[in-house]
Amino acid sequence: MGLVVGTRKGVFFLDGDEDRSVWTLSEPHFLGHVAQHVVLDPRNGTRLLAAMRTGHLGPTVFWSDDRGGSWNEATTPPAFHSGEELQRSLSAVFWLTPGHPDEPGVWFAGGSPQGLFTTADGGDTWVPVDGWNDHQMWPTWAEWPEQSTPDGSMLHSVIVDPRDAAHMYVGLSSGGVFETTDRGADWHPLNAGCEATFFPDPYPEFGHDPHCVRLHPAQPDRLYQQNHCGIYRMERPEGRWERIGRAMPTDVGDIGFPIELHPRDPDTAWVFPMDGTDVWPRTSPDGRPGVYVTRDAGGSWTRCDKGLPERAWFTVKRQAMTVDASDPVGVYFGTTSGDVWASSDEGRSWRCVAEHLPEIYSLEWA
Amino acid sequence: MAVRRRAPARDLLAGVGLRVRIPTPLRSYTNASVVDAVGSTVKELLADLDRLYPGIRFRVVDEQGRLRTHMKVFVGDEMTRDLTTAIVGVEEVTLMQALSGG
């Protein structure tokens, strides 16, 4: 086991030994292709899906059952319906999520533009989720046809409730968090309490910019969100976001891309703050990288920077932080400058386990 | 790293008609820089290429039937982005993809 690294120039495997002390980097797979998200199926431990683009070619998905020994391209990659009224064309598969544990073979893919797609055969043939893509509010929620982020608007953070396959969440950058309780047939915004300070009304029903949303697997009524406007927690069924980032140091703030959860303790989460002031450099505040951890569900935060460089100017993207299931939990992040940092003691200390890779887009335990 | 491709839908030799020059980003589908295919329009030619090399068309043409940005087709020496362009009086078609990037 180890990490699978999706980068702007291909896929790498970074395998660790049992002690997570010795790491071995593979040769690149798909060198020169954009690997947006590469994810292992936790239900069978073998099926690996890779969301890929290649220069100016259309997007596609590859799958492998032998850890990249061989790859197969999806027979029918994710795409909008041909001839549809909005004439949408998928430019990127941005996010991959395995489906419910009782539905082996089911996966979901989020795209740019913000379409949702699903497969029932492990990623070989994909179809649009019509209830989302053709929802009468979709053009409004997705701000169509405006592309509100530099690389295009994207649908991410596809979450399937482990108790109920019909209950799902998605995040739109921009657009907000949305929920379905009927397997995607209908959707509604879920943004109460979340700020969108870039609007005249900072508490709109939708239009927010969630960067990363996570549901705690052991306490599925608890959601965490790293948003463009802070760090939040929500307890269901109430459905109101509480800005737990208010407890972060004021000189650091609570802006960032990723948020990762402890696999067993619902009160523990890690974030990687970035500079969201002025023109939004998105590098670490004051160029001083640090992971922050909460052990009390956001009531307080502790800085974890032992081993990290004193000054550095990279960004950690929303899919580029992950955890393993060990005890103590391993925490990992990849940087836009191509380094992978690992902690085998839940963030207390860090060391660089791979360097000089291409810009890292995603990091997953696999 | 190996990418397994689906088998061609028919005998390659049965499609002799036009020589199609394939840009490097698409050669993982064809394993060749020049292939044979048939079609009286660019649209028909791309459909035949997809029958021969499954998956290649969607990398070139989007789900609404539009040639993707920065893709061009040369019918003989004439550049076109119109898939209805007739292929008449030429023996060679070139698919071209810009390699702009960084």
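Observations on the structure shown:
- Residue-level check: of (1) open to solvent by 20 Å² or more (accessible area, probe 1.4 Å); (2) of a type outside the set (Lys, Arg); (3) closer than 30 Å to A:Trp350 by Cα, A:Leu96 misses just (1).
- Of all residues in the range B:15-24, those satisfying the criterion of being open to solvent by less than 10 Å² (accessible area, probe 1.4 Å) and either within 14 Å of another protein chain (Cβ to nearest Cβ) or touching a residue at least 60 places away in the same chain (Cβ under 8 Å) (or both) are B:Val20, B:Ile22.
- Among the residues listed as A:Gly16, A:Gly69, the single one being among the small types (Gly, Ala, Ser) and open to solvent by 40 Å² or more (accessible area, probe 1.4 Å): A:Gly69
- Test result for A:Gly45, buried (at least 16 other Cβ atoms within 10 Å of the Cβ), at positive phi, without any contact (Cβ under 8 Å) to a residue 24 or more places away in the chain and more than 10 Å from every other protein chain (Cβ to nearest Cβ): no
- Filter result for A:Trp365 (in contact with a Ser or Thr (Cβ under 7 Å, 6 or more places away or on another chain), open to solvent by 50 Å² or more (accessible area, probe 1.4 Å) and at pLDDT 95 or above): yes
- Test: A:Gly32 is without any contact (Cβ under 8 Å) to a residue 40 or more places away in the chain, at positive phi, touching a Lys or Arg at 6+ places or on another chain (Cβ under 9 Å) and part of a loop (DSSP other than H, G, I, E, B): yes
- Entirely in the range B:25-85, the strands (runs of 3 or more DSSP E) that have 3 or more residues that are open to solvent by less than 50 Å² (accessible area, probe 1.4 Å): B:71-75
- From B:Val61, B:Val75, B:Val34, B:Val42, residue being out of contact with any Ser or Thr (no Cβ under 7 Å at 6 or more places or on another chain) and more than 10 Å from every other protein chain (Cβ to nearest Cβ): B:Val34
- Single residue of A:Phe62, A:Phe80, A:Phe30, A:Phe94 found to be closer than 29 Å to B:Arg66 by Cβ and touching a helix residue (DSSP H, G or I) at 6+ places or on another chain (Cβ under 9 Å): A:Phe80
- Within the range A:306-350, being in contact with a Pro (Cβ under 9 Å, 6 or more places away or on another chain), of a type in the set (A, V, I, L, M) and closer than 18 Å to A:His37 by Cα holds for A:Val316, A:Ala320, A:Met321, A:Val323.
- The lone exception for A:Ser91 - which of (1) more than 10 Å from chain B (Cβ to nearest Cβ); (2) touching a strand residue (DSSP E or B) at 6+ places or on another chain (Cβ under 7 Å); (3) open to solvent by 10 Å² or more (accessible area, probe 1.4 Å) it fails: (1)
- When each of A:Tyr292, A:Tyr361 is tested for being among the hydroxyl-bearing types (Ser, Thr, Tyr) and touching a Cys at 6+ places or on another chain (Cβ under 9 Å), the lone residue that passes is A:Tyr292.
- Those residues of the range A:67-86 which are of a type in the set (Asp, Glu) and more than 10 Å from chain B (Cβ to nearest Cβ), in sequence order: A:Glu85
- Residues (of a type in the set (A, V, I, L, M) and part of a loop (DSSP other than H, G, I, E, B)) located in the range A:297-355: A:Ala297, A:Leu308, A:Ala312, A:Val316, A:Ala320, A:Ala325, A:Val329
- The residue list A:Leu86, A:Leu31, A:Leu40 contains one member that is open to solvent by 10 Å² or more (accessible area, probe 1.4 Å), more than 22 Å from B:Arg59 (Cα to Cα) and among the aliphatic types (A, V, I, L, M), which is A:Leu40.
- Residues (at pLDDT 95 or above, within 17 Å of B:Met1 (Cβ to Cβ) and crowded, with 17+ Cβ neighbours inside 10 Å) located in the range A:52-66: A:Met52, A:Thr60, A:Val61, A:Phe62, A:Trp63, A:Ser64
- From the list A:Gly239, A:Gly245, A:Gly253, the one residue that fits, being buried (at least 22 other Cβ atoms within 10 Å of the Cβ) and outside any strand (DSSP E or B), is A:Gly245.
The values are calculated or read from the model by the stated rules, or taken from the named source; none is laboratory data. Not measured: the values here are computed from a predicted model. Don't worry about glycine lacking a Cβ; one is built from the backbone with ideal geometry, like all the others, and counts go over all protein chains shown. With ligands, DNA and RNA removed, areas are computed over all heavy atoms of the protein, side chains included. Shrake-Rupley method; radii C 1.70, N 1.55, O 1.52, S 1.80 Å.
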